[in-house]
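> Have a look at this one before I ask anything.
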Amino acid sequence: MTDTAAEGVPRIEPSTRVLLHDLGVRRDRDEWIVGRMATRTFVALPAAGARAVELLGEGLSVGRTAEILCAETGEELDIPDFVRDLAALGFVARIGDHPVPDPEPPRASLPRLRPHHVRYALHPALPVLVGALLLAAVAVLLHRPDLLPGYRDLLWSPHGSLVLLTGAAAGWTLLLAHELAHLVTARAAGVPGKMRLGTRLQFLVMQTDISGIELAPRRHRLTAYLAGIALNLSVASALLLVLAATDTATTTHRILAAALLLALLPLPFQFMVFTRTDLYFVLQDLTGCRNLYGDGLAYARYVFRRTMRPPGRRGGAADPSTRLPPHERRAVRLYSAVLVAGTVVCLAFMAAVTLPADITLLVRAARGLGPGHGLARIADSAAVLVTLGGVNVLWLVTRWRNRRSRRAGRSAATG
């Protein structure tokens, strides 16, 4: 007879054997990344934990696994409790004769796209081609500095509605291509990936979840993180080369110049690492941090609360960064300062510039729909309301939906 634990996991005896799902393992500094690609669940384990996964995966019983680990490490480890943790992560298919319920795997974007279809995305020659195209564009720009675009190039037409609509269409097309570059590169490494809308402070963004890339080699990880930036630079370089061959007095030249600027505009945003941009993930990987944003936010909150307490009552909660390895601790404390400063500046800019400008444009557009205005004015106002108002509504809906999903996930985890 088998007793069942309160959480639905069968009682684990020394003679119990477990069947693990197909797990990936990669060493990372002093730890091991262990994960299941199907559910995109990953965890960092010490060497003893990775060794326990290896022994259990070979079919050894819980008791035998504990004996081997005790002989190898000199410590008595609680393997039954470890198995329960693995089951909670969805890593265990069966405990003894009892199947473990398996959560439904998250959906992937473009599921018919297979790794062998896009294997070229990880070819070592591809970065060389991107670099050559960029160098060619820089050489042309040095010879023709007049081709460097400015904000006036966005105003390629006297009709504001046409500028807004074409700019929005081109911007979203480039954004989709940027995220597709991440998805394709990750898929080439065997990572499913999922594209969706998200918010970063006041910004509406499209983001690609490539959880699972943690198991790939560093070159593949960095390629996946930088693929979007590489695509923007490639598009901008190609446009500049074509721009150099067109007559400056033509509409084609003006449209190409506007497209070039739209391809370059997202790149400065990538340096805002406090909003978890592509360069944030590069920084997190190079510093060896597991959750640079989460740990940085926790440390910033700790410092704020400690600062707000009276001088005689500075005790309280412990510094959360002290539990991190030294190399992570330094990176997290530095990043927390960038996180706080960047967030304050962004929100202040929104309050002082972006929000008043949006409100002014929307009010003007609403007034332009009233009686007594010509068809051109009405069409122009409608375009502003649809484009600018639509983006703000989409930001609100996306933020509400994502917050609801996170709350549902936390409830499921604690329920």
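> What are the equivalent ellipsoid semi-axes of segment 115-414, built from the alpha-carbon gyration tensor (square roots of five times its eigenvalues), in whole angstrom, biggest first? Present the calculation step by step, with values, prior to reporting the outcome.
Values: eigenvalues 276, 169, 71 Å².
Sorted largest first and rounded, they come to 37, 29, 19 Å.
> Stretched out fully, how many nm does the piece from ARG119 to GLU104 gain, at 0.36 nm a residue minus the Cα gap? Don't skip to the answer; put the middle values down first.
Working: separation 15, 0.36 × 15 = 5.40 nm, distance 2.74 nm.
Result for the pair: 2.7 nm of gain on full extension.
> Do the sum for the chain: with -39,500 (n - 2.57) for every DSSP H run of n ≥ 4, divided by all residues, what is the mean residue ellipticity at 222 nm, to the nearest 500 deg cm²/dmol? Please list the in-between numbers first.
Values: 14 runs with 224 residues, N = 415.
Dividing the helical sum by the residues of the chain leaves -18000 deg cm²/dmol.
> So what's the net charge close to LEU369: Lys and Arg +1, Asp and Glu -1, counting the other residues with Cβ under 11 Å from its Cβ?
On the way: positive: ARG364, ARG367, ARG377; negative: ASP380.
Here the charged neighbours net out to +2.
> So if I place +1 on the C-beta of Lys and Arg and -1 on the C-beta of Asp and Glu, and nothing else carries charge, what would the dipole magnitude of the chain be about its Cα centre? I want it in debye, nearest 20.
It comes to approximately 1340 debye.
> Apply the Karplus parameterisation 6.51 cos²θ - 1.76 cosθ + 1.60, with θ equal to phi minus 60°, to every residue of segment 199-214 and state each ³J(HN,Hα) to the nearest whole Hz, in sequence, with x for glycine and proline.
10, 10, 6, 8, 9, 8, 10, 9, 10, 10, 7, 10, 4, x, 5, 4
> If you don't mind, another one. Spelling out what I want: for every residue of segment 370-381, take phi, set θ = phi - 60°, compute 6.51 cos²θ - 1.76 cosθ + 1.60 (Karplus), and round to whole Hz; glycine and proline get x.
x, x, x, 9, x, 4, 5, 5, 5, 5, 5, 5
> Would you mind calculating the gained length between ARG404 and ALA47 on full extension (0.36 nm times residue separation, minus the Cα-Cα distance), in nm to one decimal?
Between ARG404 and ALA47, full extension yields 124.8 nm more.
> Here's another thing I want to ask about it. Around THR41, which amide H atoms from residues at least 5 apart in sequence, or from another chain, sit under 5 Å from its own amide H, with H modelled in the peptide plane?
ARG36
Read the figures in this text as sums done on the coordinates, not as results from a lab. As the structure is a computational prediction, the values presented were derived from the model and not from experiment. Glycine gets a Cβ as well: all are built from the backbone with ideal geometry, and neighbour counts include every protein chain shown.
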